[in-house]
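The values are calculated or read from the model by the stated rules, or taken from the named source; none is laboratory data. All of these numbers come straight from a predicted model, not from anything done at the bench. Here the Cβ is made from the backbone with ideal geometry for all residues, glycine too, and neighbour counts use every protein chain on show.
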Amino acid sequence: MRIKTEKDYLEKRKYIRLPSVFPVEYSILDLEGPPKILDWQQAFTCNVSEGGLCLSINKVDGPLLRSLHRGKVRMRLRIRIPLYSPPVEADASLSWMDKIEDEVPSKYLIGVQFTSVSKRDVNRMIKHARWIKFVLPATVGIAFILLGAFGVSFFHNARLRMANQELVQQLVSIQQEETSTGQLIDQVKKEKAEVSRKMGAYGQDIMSYQAQIAQLQEELQARAKSEQLLNEQILEYEKKAGDMRERISDLNSQKDSLDGRFADLARQENALQDEFQMLQRKKEGLQKSISSKMYQWLKNHQIPATGLILSFEGDVGPIQYWGFMYDQALAINAFLLFDDTAAAAKVLNFFRKKMEAPFAGFSNAYYADSGEISEFTVHCGPNIWIGIAALQYQAKTGDKTYLPLAKNVADWLIALQNEDKDGGLRGGPKFTWYATEHNLDAYAFFNMLSEVTGEEKYSVAREKSLSWLMKHAMAPHDQEYQSPPVKRGRGDATIATDTFAWSLAALGPGKIESLGMNPEEIMEFAEKHCRAEVVFRRPSGNTVEVSGFDFAAYQHMPRGGLVSPEWTSQMIVSFQMLSEYFGDNGDMIKAGYYQEKVLKYLNELNKLIISSPSEMGHGEGCLPYSTLEDADTGHGWRTPQGSDTCSIAGTAYMLMAVRGYNPLMLKQRGGK
C-alpha cells in the first residue's frame, strides 16, 4: 500500500472537505467468536461522504495496528455532529489505511465504509457538512466586516464622547464665568452707588459752605451800614469766608476725582455688561444643545426589551440595575417635552402590560433589563405619578390608550382613601403613615382626571385630598418662620423641601391664596431653611461653588449641606409659577423678582451637569442625584453611590425646569 500525504486524501472528490472536524469515537469489533465491542478510542474526521468517512487517528496502539494491517477490521462508530444530538451510531469496515510520515508522532488516515447506518443520519451529516462549508467562510467575512464596523464605531463613539464632554465642560466654564462676571457687575454697581452717594454728599457740603459765605457777606454789609467796623472785625469775616472757600475748593477737587472714578466705573460696568450678555448668548446656545443631549441621554438608556430606563447610571450599589417607577414617570414627561411620544409610550406599555385584575398597585421598582420586580414595596406616590404621566401623554397626543391605566390607578387609590375617615392616603396598602407629598400628588391626579373625564367620583376624591391637606398638612405659620407652613406628613413637622415646591405645583398660587395661605411665604420659608451653598467636586476633579436646595434643613444634618438637582428644579418650577401668577395679575415687579430667581437657580444647575460615565451614554449631559454620594437625605433613604452617578430624576426634572413645565397640572400658565 503506497504511503500518501494527508493532502492526497483531502483532495479526493468523493469526500466533502470540511473546514472543521467532527469528533468520532470508534471501537474495534472483535470478530473472533461472537462480535463484541472493545475499548472506545478517539478519532476525528475532516471529510465525509454518503458512503463513509476518512478518519484521522493520532494514537494507534499495538492491537489496533495489527488489526489494521490484517485488513479485516470491523468498527463501531459514534459520530458527534456539532449542534446536533444524539450522536450518529454506525458500523463500518476498513477500506484503506495510510501513515503520514511527516507527522510526529505518527498519524494514520483510515478510510472506512459504512456497513450499517440509517439514511436519516447520513443525511444529517451531509447536510451539516455542506452547511458549515458554506457558512464558515461567510462567517469569517461577516466577522471581519463587523470587526471593521466595530473599529469605525469605536472611534466614532470616542470622538462623539469627547465632543459631548467638551460641550458639557464649555457650559460649566461659561456658567462659572457668567457667575463671576455677574458678581463683578454687582461689585461695580455697589461702588458706583457709593461714589454717587459721596458725590452727592460733597455737593451738599459745597452748597452749604456757599450759603454760609453769602450769609457772612450779608452780615458784614448790614453791620457796615449800622456801625463803624474795625479792621480786625473785617479781617475776621474775610478769614471765615476764606476758610470756607478753601473747603469748597477741596471738596470740588475730591468731587472731580469722584466724577472721574464714577465715569471709569460706568465704562467698566458697560464693558462687563457687554461681556455678560455675550456669555449669556453663548450659554443659551449651549443650554439648548445640552438640553437636547440630556434628552438623548434618557433615550439612549431606554432598554428596548422593557421600555424602562436605569434610574442611576454609574451607581455602584445594589440599586444599579433598577428602574424606579417614579423615575419612569419623570422620563415620560421629559420625552413628551421633546415630542418623543414613541419613547413615552414604550414606558407606559410596560406598566399597561404589568397591570393585573384586580389592580393592587405597581411595585416601586423593577429591573430595567428584565422587567422583574426589584423592590416589592407598593407606595401610593409612585403609582400616582404613573397615572399623571398617562394623562399628560393623553393631553399631548389626544390618544386615550392609557386612560384605562390612569383610571385603574385612581380607582385603587379611591378605595384606599375611603378607608380613612379624613379622606387621606396612607403611604401604601401595608403602611400606617401619611405623607403630605402623596396627598398633594393625589390632589393633582384627581384634579386632572376630573378635567379629562368629567366623572364626579374624581372631583369628590380631589376635594377629600384637599380637606385632608388643610387639616393635617397645611396651615398658616408664625411670622418668625419657626414652624413649617407645610408639614411632611400627618403629625410630622419635619422640614421637607418638596412639600413646599409641590404645594404650589399641585394647588397653584391662586388656590393657595383662596385657602387663606400665602404662596410667597411658603417659598420664602423653603429658601430660608433649605437653600444650601456647597462646593461640588466634578468627576474631572475640578470644584465649583453651587447654590441650590437640600432635601431638608441641612443645619440639622450631620453631613452638612448638599444640593439636589431634582428638588432644586422643583423649586424653580414653583418660582416660575409665582412669576407667571403675578404677571397675569399685573404685578410686574414681583413677576420680575421671581423670574430672576428662576434664572439664578437654573444657572446654578448648569454647574452640576456632568457627562455620562457609560459607553451607552456617549458622554451626553446628565445630572447627578445629589452633590454628595451615599448621603442621608433625612427622609428615610440615602443618595446613590458613585462619584459620577447620573440620575433620571435630576436630569428629567431639570429639563422640565428649563421649559417651565409643571408635570402636576395639565394647564401650564400661572398656576391657576
Completion exercise
Sole miss for residue 293 among (1) at pLDDT 85 or above; (2) in a helix (DSSP H, G or I); (3) in contact with a Cys (Cβ under 9 Å, 6 or more places away or on another chain); (4) not hydrophobic (A, V, I, L, M, F, W, C) is condition (1)
Practice task
Taking the options 74, 17, 13, 80, name whichever one is within 18 Å of residue 130 (Cα to Cα), out of contact with any His (no Cβ under 8 Å at 6 or more places or on another chain) and modelled with pLDDT of 65 or more.
Solution key: 80
Practice task
Please state which one of 495, 522, 512 is touching a helix residue (DSSP H, G or I) at 6+ places or on another chain (Cβ under 6 Å), in a loop (DSSP other than H, G, I, E, B), of a type in the set (A, V, I, L, M, F, W, C) and surrounded by 14 or more Cβ atoms within 10 Å (Cβ to Cβ).
Solution key: 495
Practice task
Scan the range 428-450 and give yes if some residue there is over 21 Å from residue 487 (Cβ atoms), assigned to a helix (DSSP H, G or I) and among the charged types (D, E, K, R), otherwise no.
Solution key: no
Handout entry: Selection within the range 246-260 - at pLDDT below 85 and basic (Lys, Arg)
Key = 255
Exercise for the section: Inspect all residues belonging to the range 651-660 and state whether any of them is touching a helix residue (DSSP H, G or I) at 6+ places or on another chain (Cβ under 6 Å) and β-branched (Val, Ile, Thr). Expected result: yes
